[in-house]
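Bear in mind these aren't lab numbers, they're just calculated from the coordinates by the rules spelled out. What you see is a predicted model; the values in this text were computed from it and never measured. Heads up, the Cβs are rebuilt from the backbone with ideal geometry, glycines too, and the neighbour counts pull from every protein chain shown.
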2 protein chains.
Amino acid sequence: MKKELKPTTAVVPCPVVLLSVAGEEKSNIITLSWVANVCSKPPTVVAGIRPQRHSYEMVKNAGDFVLNIPSIDQIDAAEFAGTKSGRDFDKFKECNLTPVPATKVQSPMIGECPINIECKVIKVENAGAHDVFTAEVVAVHIDESVLDDKGRFIPSEARLFTYLPLNGEYWSLGEHLQA
Amino acid sequence: MKKELKPTTAVVPCPVVLLSVAGEEKSNIITLSWVANVCSKPPTVVAGIRPQRHSYEMVKNAGDFVLNIPSIDQIDAAEFAGTKSGRDFDKFKECNLTPVPATKVQSPMIGECPINIECKVIKVENAGAHDVFTAEVVAVHIDESVLDDKGRFIPSEARLFTYLPLNGEYWSLGEHLQA
């Protein structure tokens, strides 16, 4: 038996990303879950950001950003950067995260995150409460500790986690499934 | 130490959805991972679909679809529906899945999936290899077996899984994390 709910954002599980962006005075970090790969070639991502957020104008001005994929070690930073404003806090400092120069964009990468995805904004479109930024991936950096000796990604080392908007919980990944 | 990779679709972890769509002769299912919630109000999703896929024209013609969130029980169906074409197979039949009438759209829901998200297409835009469909969520159905007696979502009962495009693996969810 199914229960019908009011329309809601029910796609699960969702990625959790720390978006880092360059600013005139200081760089900022915002945690987002309304993010996805949407095109393989060129590799393209979308990110939904509310115009009220401090990072919104920063991304518009910078024209680029980095999507940093956190491990469980950065879960408190993800919570902080998702609920506090860059107007009030230096989030790199408050979260003890290290800005590292990117290679293709001006926005900084977060050194501690195992995966950093450099992105250049292509367009911004309003979808209601959120604007949707479409951006092309121009470089990817991945920590050698989460790659095996053949350069293959080792999820158990990356210790990724996911967000479930249906109940607001973060969950770790479990085990590799064979389809 | 980080290793720089060529630009690639590196956002992880990703949702796995079975998109079901009505057709003139028969309905079809396509497995997608380039999918996300992108706006909270109105609840809005995006889905990247290659124009070569059989479901592409079907979604354009129908103007609606259902995003069905599978449990691990449907992982073989997800693999089949993601790699075989609706031109060659009746995927509902091949995967032993049950089409169930939706309430707000003409496309059918997949009865076996614990969560069904009815969506109406708003626009389609090319992003390269994939076109990005933006759609508004018009109804959500959730199996009572994955809700507690207060109607709250129980992830451990839903037995969700995720896709990691960095290495092509499916992973189960592990445990609830406290931020």
| task | Could you work out the relative contact order of region A:5-53, using alpha carbon pairs under 8 angstrom and six or more residues apart, expressed as a whole percent? | result | 25
| note | For region A:91-178, averaging the sequence separation of alpha carbon pairs under 8 Å that lie six or more residues apart and dividing by its residue count, the contact order in percent is 16
| query | Hey, got the average number of other protein chain Cβ atoms within 10 angstrom for residues in A:47-55? | reply | 2
| field | Label-point separation in nm, residue A:149 to residue B:88, each point 7 Å along Cα→Cβ | value | 3.9
| field | Amide H contacts under 5 Å for residue A:71, placed H, 5+ residues apart | value | none
| said: With θ taken as phi - 60° and the coefficients 6.51, -1.76 and 1.60, list the Karplus ³J(HN,Hα) couplings across region A:43-55 in order, rounded to whole Hz; mark glycine and proline as x. | reply: x, 9, 10, 10, 9, x, 9, 6, x, 6, 5, 4, 5
| query | Which distance in Å, rounded to a whole number, links the C-alpha centroids of region A:125-179 and region A:70-85? | reply | 14
| Near residue B:51, within a Cβ-to-Cβ distance under 9 Å, what is the net charge of the other residues, with Lys and Arg +1 and Asp and Glu -1? | 0
| task | Let me have the 222 nm mean residue ellipticity of the protein assembly as shown computed from DSSP H runs of 4+ only, each contributing -39500 (n - 2.57), with the sum over all residues rounded to the nearest 500. | result | -3500 deg cm²/dmol
| Around residue B:174, which amide H atoms from residues at least 5 apart in sequence, or from another chain, sit under 5 Å from its own amide H, with H modelled in the peptide plane? | A:172, A:173, A:174
| remark: Restricting to lysines and to Cα separations under 27 Å from residue B:26, and discarding same-chain partners fewer than 8 apart, the set is A:2, A:3, B:60, B:84, B:91, B:93, B:104, B:120, B:123
| What is the local net charge at residue A:173, summed over the other residues whose Cβ is closer than 11 Å to its Cβ (Lys, Arg +1; Asp, Glu -1)? | -2
| request: Go through region A:19-34 residue by residue and turn each phi into a ³J(HN,Hα) via Karplus (6.51, -1.76, 1.60, θ = phi - 60°); whole Hz please, and just put x for glycine and proline. | output: 7, 10, 9, 6, x, 5, 8, 8, 6, 9, 10, 9, 7, 10, 10, 7
| note | Per 10 angstrom bin, beginning at 0 and ending with the bin that holds the maximum distance, the Cα pairs of region B:78-131 fall in percents of 19, 39, 37, 4
| remark: Taking a ≥ b ≥ c as the square roots of the Cα gyration tensor eigenvalues, with a/c under 1.5 meaning rounded and otherwise prolate when a/b beats b/c or oblate if not, chain B comes out rounded
| Which net charge results when you count Lys and Arg as +1 and Asp and Glu as -1 among the other residues whose beta-carbon is under 15 Å from that of residue A:73? | -4
| task | Summarise the partner chain shielding of B:113-126 as one whole number: the mean count of Cβ atoms from other chains within 10 Å of each residue's Cβ. | result | 2
| query | Of the listed peptides B:32-45, A:85-98, A:43-56, what is their order by residue-averaged count of other C-beta atoms within 10 Å, with the highest listed first? | reply | B:32-45, A:43-56, A:85-98
| task | Ignore the peptide's own chain and count Cβ atoms of other chains within 10 Å of each Cβ in A:137-149; give me the average, rounded. | result | 4
| query | For region B:126-135, what does the Karplus curve 6.51 cos²θ - 1.76 cosθ + 1.60, with θ = phi - 60°, yield as ³J(HN,Hα) per residue in whole Hz, taken in order and with x for Gly and Pro? | reply | 6, 10, x, 5, 10, 8, 9, 8, 9, 9
| request: Give the shape of the protein assembly as shown as rounded, prolate or oblate, defined through the alpha-carbon gyration tensor: a ≥ b ≥ c are the square roots of its eigenvalues, a/c under 1.5 means rounded, and otherwise the shape is prolate if a/b is larger than b/c and oblate if not. | output: prolate
| query | Percent relative contact order of chain B, based on C-alpha pairs within less than 8 angstrom and at least six residues apart? | reply | 25
